[in-house]
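Each remark here refers to the structure printed beneath this line.
The values are calculated or read from the model by the stated rules, or taken from the named source; none is laboratory data. Keep in mind that this is a model prediction, so the values were computed, not measured. Virtual Cβ from ideal backbone geometry, glycine too; neighbours counted across all protein chains shown. Ligands, DNA and RNA are excluded from the accessible area calculation, which covers all protein heavy atoms including side chains. Shrake-Rupley method; radii C 1.70, N 1.55, O 1.52, S 1.80 Å.
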Amino acid sequence: MVFLPEISVLITFSIAAIALTLTPGPDMTLFLSKTIAQGRKAGFAAFLGATSGLLVHTLAVALGLSALLAASETAFITLKIVGSLYLLWLAFDALRNGSSFSVDTAERKKESVTTVYLKGLWINLLNPKIIVFFVTFLPQFVSAADPYAAYKLMFLGALFVVVATPICGALILSADHIADFLKRSPKATRFVDWLFATVLGGFAIKLLLTRSNS
């Protein structure tokens, strides 16, 4: 199957995806808040909306990057180098500023499942950081010389969702305990920050060193 990356790539990508999923962000804040305020049904609706936004980004990134690769292999390689530096910056920023985790449970009125879903969709779809991240993150796992790069990019985007789904599902089912624990324990959130920074930072440095020696 031409769209399948090598096993080593799949393992590395999955580890990175797990670290990213466990890192609190606007989407996690939304579905945990909705779960606590309105129940698990609302939490899963928010998660499905956020996931839909990620899938749209994946498709757009795969199509856009495949067009870039077709136009200029050098430009694609340059993007990967810039992307490595950006991942290194994200690692540094996670340690400097920490996670922006804040659960809002003060709901004034119940929202429909459709409204919650759309909130989840827009929170990822319109987030410029998500766009930049996917443009710089996904290409790191695909070779510029690979004729099936677009298919592999789409597969990796879908794999990200597959890896994230059981983790986010468990978070939603345990939302009350997790939110309370993270709010009461700065050490726990800092551990997540260090996990995120270690995975992304180490990966970015490895990529830069590999290219400098090639």
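Details
- Taken over region 148-163, the residue count meeting the criterion of being open to solvent by 10 Å² or more (accessible area, probe 1.4 Å), touching a residue at least 60 places away in the same chain (Cβ under 8 Å) and not aromatic (Phe, Trp, Tyr) is 7.
- Scanning region 179-200 for residues that are modelled with pLDDT of 75 or more and surrounded by 19 or more Cβ atoms within 10 Å (Cβ to Cβ) yields a count of 1.
- Exactly one residue out of 32, 55 is open to solvent by less than 10 Å² (accessible area, probe 1.4 Å), at pLDDT 80 or above and either in contact with a helix residue (DSSP H, G or I) (Cβ under 7 Å, 6 or more places away or on another chain) or under 20 Å from residue 131 (Cβ atoms) (or both): that is 32.
- Qualifying residue in region 114-128 (condition: open to solvent by 80 Å² or more (accessible area, probe 1.4 Å), at pLDDT below 80, part of a loop (DSSP other than H, G, I, E, B) and hydrophobic (A, V, I, L, M, F, W, C)): yes
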